[in-house]
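Chemist: Dropping a structure here in structure tokens format, bear with me for questions.
Quick note: the coordinates plus some simple rules give every number you see, no bench work behind them. Treat the numbers as computed from the prediction; the structure is a model and nothing was measured. Cβ placement follows ideal geometry from the backbone for every residue including glycine, while neighbour counts extend to all protein chains displayed.
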Amino acid sequence: MEKRVTRTGRILLTVLVLAGLSGCGSIEPWVKPYERDKLADPIMALDGDPVSTAYIQHVYEAREGARGGEGAAGGGCGCN
Amino acid sequence: MLPDDRADVLYHRYDGGDVTIDGPSILVRKKAGKSLSFVGNYYVDMISSASIDVITTASPYTEERTQWSMGMDYLRGNTTMSVNYTSSEESDFDAETVSFSVSQDMFGDLTTLTLSYALGDDLVRKSDDPTFEEPLDRQIYGVGLTQILTKNLISTLNFETITEEGYLNNPYRSVRYFDPNSELGYSYEGELYPNTRTSTAVGVRLRYFLPYRAAIEGEYRFFTDTWDIDGNTFALSYIHPWKEWTFTGKFRYHDQTGAHFYRDLFARSEETNFRGRDKELSELTSYTLMMQAAYEFLRDDGNDWGFIKRGKVTASLNLLHVDYHDFSDLSAGQPLGEEPLYDLDANIFQIYFSFFY
């Protein structure tokens, strides 16, 4: 089971890399740079507060059994 | 694109379940030329614990965890390469992590693909046994995709697999088993976890710019691991700016199944090969309500403080409630079989100053 999950992860990673790279240059950007003013607004920043995000992710990792899938978080425990 | 130059000084405080954890976190990021950016972070947890886990089987304690990290980002064309080193030290737990990532902007910067790998090397010790020392190794594989979908909508997809091998127990925690010879009706013995764990998480986020100047974000994460924990996490956020203020509200819901070797009460001593009664491995549901206010006291309008162009202060409060569906509250002293289920309320407070230069 464990090996299967690891292998699945590696295959998925390879497929995503190839899918990402194979289309380079052939797709026209459908949102032009001059149309991205709203996306450039600070309220649209996906991680505007990295220190706070890292801290709250650490709290959830210590309080719940799940982890990952939300970007990186630090090591250590502090979770008793 | 390289991240903005900034410095953050944060104070955090977690207060819940008779555990208090507080301390500072300081981050400084600075570019060197047009293609390099350096980042450093110093973080401290000061822990004072009389939690449900320690009052039933051990003694309250205080300790400190110090973590520091340093990293570098290198931009070449549309590619950003990053390397980061993190070190965390406690009296009984050391962790070192080295991580690498490569990000590629594509399709006129509509798409960013990130591949990452991290290697963690931990050392688990036990404060009351100086001879105890066990290793724990960790590898993290990640793929992230950030995609601009429309003029108003941006999305991210994150896939992360974590494999761990080594000592995954908590050396202080015990399981309880039915024991008719005991006055309480049960006795305790040490936990015994499998020495490997592989988990996979897939997370998706969508943030939308509303017709007036505000944003809404939806998040979902699916989690599964080889200990049979499956989790679903949903969150909904609303971000509303008003003059120099930005207000954010967020509700987060998390639900998970328990680990296959978890029991609240084992039928007998050494009933199963692996045994755990760590409440985080129990079936549980958690709810978080977050309220945040940020005030920009220095705007990028020419009236800067020397080299500092922007400054803001942010305060946030997370109200966390966890319902454990298979973890009894033994502190109430109820007879065996009549113990109530445990639940936890925690207040998580943060205040931080951010300076951009």
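Chemist: Using packing as a proxy for protection, rank B:167-173, B:185-191, B:211-217 so that the peptide with the highest average count of other Cβ atoms within 10 Å comes first.
Modeler: B:167-173, B:185-191, B:211-217
Chemist: Using alpha-carbon pairs under 8 Å, 6+ residues apart, how would you state the relative contact order of region B:76-356 in percent?
Modeler: 10 percent
Chemist: Can you return the lysines within cross-link range of A:K38? Criterion is Cα-Cα under 19 Å, with same-chain partners fewer than 8 residues away left out.
Modeler: Excluding near neighbours in sequence, the set is B:K151, B:K243.
Chemist: Which shape class, rounded, prolate or oblate, goes with region B:49-136 when its Cα gyration tensor gives a ≥ b ≥ c as root eigenvalues, a/c under 1.5 marks rounded, and past that a/b bigger than b/c marks prolate?
Modeler: In terms of gyration-tensor shape, prolate.
Chemist: Give me log10 I(q)/I(0) at q = 0.07 Å⁻¹ for the protein assembly as shown, Debye formula, one equal scatterer per alpha-carbon, no solvent.
Modeler: Scattering profile of the protein assembly as shown, log10 relative to I(0): -0.37.
Chemist: Kindly state, to the nearest 0.05, the FRET efficiency for B:K30 paired with B:Y61, given R0 = 25 Å and r defined as their beta-carbon distance.
Modeler: After rounding, the FRET efficiency stands at 0.05.
Chemist: A further question on this structure: If I model a spin label as a point 7 Å beyond the Cα along the Cα-Cβ vector, how far apart are those points for B:L119 and B:L153 in nm?
Modeler: With each label placed 7 Å out from Cα toward Cβ, I get 4.2 nm.
Chemist: What length, rounded to one decimal in nm, is gained on full extension from B:A315 through to B:D15, with 0.36 nm per residue of separation minus their alpha-carbon distance?
Modeler: 106.4 nm
Chemist: Hey, for a label at B:M1 modelled as a point 7 Å past Cα toward Cβ, could you say which residues of region B:122-158 have their backbone N under 19 Å away?
Modeler: B:144-157
Chemist: Give me the extension gain from B:L236 to B:L289: residue separation times 0.36 nm, minus the current Cα-Cα distance, reported in nm with one decimal.
Modeler: Fully extending the segment from B:L236 to B:L289 adds 18.1 nm.
Chemist: Per residue of B:142-154, what is the mean number of Cβ atoms on other protein chains within 10 angstrom of that residue's Cβ?
Modeler: 5
Chemist: Looking at region B:252-336, which trypsin sites (Lys or Arg not before Pro) are DSSP coil and have at most 12 other C-beta atoms within 10 Å of their C-beta?
Modeler: B:R268
Chemist: So, R0 is 56 Å and r is the distance between the beta-carbons of B:E133 and B:F297; what FRET efficiency does that work out to, to 0.05?
Modeler: 0.70
Chemist: Oh, and also: Scaled to the compact-protein estimate 2.2 N^0.38 Å, what is the alpha-carbon radius of gyration of region B:67-203, rounded to two decimal places?
Modeler: 1.50
Chemist: Taking the radius of gyration and the Kirkwood hydrodynamic radius from Cα positions alone, what is the Rg/Rh ratio for region B:200-357, to two decimal places?
Modeler: Rounded to two decimals, Rg over Rh is 1.15.
Chemist: Could you identify which residue out of B:W242, B:W68, B:W227 has the top mean-square fluctuation in a GNM of chain B using Cα springs shorter than 10 Å?
Modeler: B:W242
Chemist: Below 23 Å, Cα to Cα, which lysines can B:K30 reach? Residues fewer than 8 away in the same chain don't count.
Modeler: Filter leaves B:K309, B:K312.
Chemist: Can you pull the Rg over Rh of chain B, Cα-only, Kirkwood?
Modeler: Result: Rg/Rh = 0.99.
Chemist: With n ≥ 4 as the cut-off for DSSP H runs, can you work out [θ] at 222 nm for the protein assembly as shown, using -39500 (n - 2.57) per run divided by the number of residues, rounded to the nearest 500?
Modeler: Calculated at 222 nm, the ellipticity per residue is -3000 deg cm²/dmol.
Chemist: Round to the nearest 0.05 the FRET efficiency obtained for B:Y74 and B:E189 when R0 = 60 Å and r is the Cβ-Cβ distance.
Modeler: Efficiency at R0 = 60 Å is approximately 0.70.
Chemist: Loop only by DSSP, 13 or fewer other Cβ within 10 Å of the Cβ. Give me the trypsin sites (Lys or Arg not before Pro) in region B:1-68 that pass, ordered by residue number.
Modeler: Those that pass, being in a loop and sparsely packed, are B:K34.
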